[in-house]
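Each remark here refers to the structure printed beneath this line.
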Amino acid sequence: MTDSFISTKPIPVRERLIMALDVPSLSEARALVEELGDSVIFYKVGMELFMSGDYFGFIEWLKQQNKKVFLKP
């Protein structure tokens with residue numbers, strides 16, 4: 001087995017955890033982000049939240065909270 005599939009990109013420890021926001025509403029997602037505070041900075045936002053309303057506004061809100069976002073349709 002070769003190491004060619006292993007990334008050599010240095011990823012800061014704080015960015016290694018990606019929290020999936022797999023909840024049915026934007027209000028639940030916001031509450032979860034606020035509850036977790038600075039302990040999580042990277043979030044996965046998927047189709048369920050996309051279908052729930054103001055998806056793009058929520059992404060903008062996450063960015064204003066200095067969060068990183070992984071979008072998964």
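Here are a few things to note about the model shown:
- Spherically averaged projected area of the chain from its Cα convex hull (nm²): 5.9
- Counting neighbouring Cβ atoms within 10 Å and putting the fewest first, the residues LYS67, LYS72 line up as LYS72, LYS67.
- Normalised contact order of the chain, rounded percent, pairs of Cα under 8 Å and 6 or more residues apart: 32
- Backbone amide hydrogens, once placed in the peptide plane, bring LYS68 within less than 5 Å of PHE42, TYR43, excluding anything fewer than 5 places away on its chain.
- Within-14-Å neighbourhood charge of TYR43 [Cβ basis; K, R +1; D, E -1]: 0
- With the charge dipole of the chain set up from +1 on Lys and Arg Cβ and -1 on Asp and Glu Cβ about the Cα centre, the Cα lying farthest toward the positive end among the listed residues ILE11, ALA31, GLN65 is that of ILE11.
Each reported figure results from applying straightforward, stated rules to the coordinates on display, with no laboratory input. What you see is a predicted model; the values in this text were computed from it and never measured. Please note: Cβ atoms are built from the backbone with ideal geometry, for glycine as well, and neighbour counts cover all protein chains shown.
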